[in-house]
Amino acid sequence: EAGVAQSPRYKIIEKRQSVAFWCNPISGHATLYWYQQILGQGPKLLIQFQNNGVVDDSQLPKDRFSAERLKGVDSTLKIQPAKLEDSAVYLCASSSGHRFITVEQYFGPGTRLTVT
Amino acid sequence: QQQVKQSPQSLIVQKGGISIINCAYENTAFDYFPWYQQFPGKGPALLIAIRPDVSEKKEGRFTISFNKSAKQFSLHIMDSQPGDSATYFCAASLYTGANNLFFGTGTRLTVIP
């Protein structure tokens, strides 16, 4: 079974530029998560999708971050404009469960973003 | 507000020794407590998880101890090996609902040969 795929693996941009990350979840997984992991901290949820609908985006800085999951499969996370404090690893995870069942989340390798 | 507090921040253990990592939580509505292992350059991977209806769960060399009244849980790694050197995160989530994970701050474990 192929795991969660993410690209790019690394990205360096200047502040005020825009950037986009892509995630392809495990085939058949209905739930997709985007987490932000700042160096030395645990991952923090940004947004959760159930199929192509948003379940929770309460921690997403909506003035600069946006995410979509068209057709309920792949997802993109965008930052525009980027700030220095956005430097982090952005992790995508997926799970087969729905909101009433807790099941394992499978994480991708992440995209390391450096904002200079 | 850190919903899950984890300690220690780093841990050095001799090969064959026992590694112990502790976590505490505030939200009594949490009822799913997983531990994740993360190697450099990789995403976190589920190691073991427990629900509050049991006080202990063991899988191989890894054991979770859970104390519901104290709102604490811990990971014990028996016979620690150099290959166990990684960062370990505890987490908590609601069993129902959005069940997004609230992670601790992580413990960097180093097992010395």
Scoring only Lys, Arg, Asp and Glu (+1, +1, -1, -1) among other residues with Cβ under 11 Å from the Cβ of B:LYS71 yields +1
Positive minus negative residues near B:ASP84 (Lys, Arg vs Asp, Glu; Cβ under 12 Å): +2
Give me the net charge for the shell around A:VAL89: Cβ to Cβ below 12 angstrom, other residues only, Lys and Arg +1, Asp and Glu -1. +4
Based on the Cβ-Cβ distance from B:GLN81 to B:GLU26, what FRET efficiency comes out when R0 is 30 Å, to the nearest 0.05? 0.35
Rounded to the nearest Å, what's the spacing between the alpha carbon centres of the stretch A:68-96 and the stretch B:1-54? Just the number, please. 25 Å
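Could you tell me the convex hull volume per residue, in Å³, taken over the Cα atoms of chain A? Could the numbers behind the result be given before it?
Working: hull volume 11.1 nm³, N = 116.
Looking at chain A, the number lands at 96 Å³ per residue.
Return the subset of B:LYS5/B:LYS58; A:LYS71/B:LYS58; A:LYS15/A:LYS44; A:LYS15/B:LYS71; A:LYS62/B:LYS5 for which the Cα-Cα distance in this structure is over 32 Å, preserving the input order.
Details: B:LYS5/B:LYS58 22 Å; A:LYS71/B:LYS58 40 Å; A:LYS15/A:LYS44 22 Å; A:LYS15/B:LYS71 41 Å; A:LYS62/B:LYS5 27 Å.
Checking Cα-Cα distances, A:LYS71/B:LYS58; A:LYS15/B:LYS71 exceed 32 Å.
Given a Förster distance of 35 angstrom, what is the FRET efficiency for B:SER69 paired with A:ASN51, based on the Cβ-Cβ distance and rounded to 0.05?
On the way: r = 39 Å, r/R0 = 1.11.
After rounding, the FRET efficiency stands at 0.35.
Where Rh is the Kirkwood radius over the Cα pairs of chain B, the temperature 10 °C and the viscosity 1.306 mPa s, what D in µm²/s does Stokes-Einstein return?
113 µm²/s
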Testing the spin-label approximation: label points 7 Å from Cα along Cα→Cβ at A:GLN41 and A:GLU85. State their distance in nm. 0.9 nm
Accessible area of B:ARG61 in the full protein assembly, 1.4 Å probe (Å², nearest 10): 70 Å²
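Please tell me the relative contact order of chain A in percent, rounded to the nearest whole number, where contacts are Cα pairs under 8 Å and at least six residues apart.
Details: 294 pairs, mean separation 42.5, N = 116.
The normalised contact order for chain A reaches 37 percent.
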Using a 1.4 Å probe and counting only protein heavy atoms, arrange A:GLU14, A:GLU68 so the residue with the most accessible area comes first. A:GLU14, A:GLU68
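The values are calculated or read from the model by the stated rules, or taken from the named source; none is laboratory data. The model shown is predicted, which means the values in this text are computed figures rather than measured ones. Note: ideal-geometry Cβ built from the backbone for every residue, glycine included; neighbour counts use all protein chains shown. All accessible areas refer to the heavy atoms of the entire protein, side chains included, with ligands and DNA or RNA removed. Shrake-Rupley method; radii C 1.70, N 1.55, O 1.52, S 1.80 Å.
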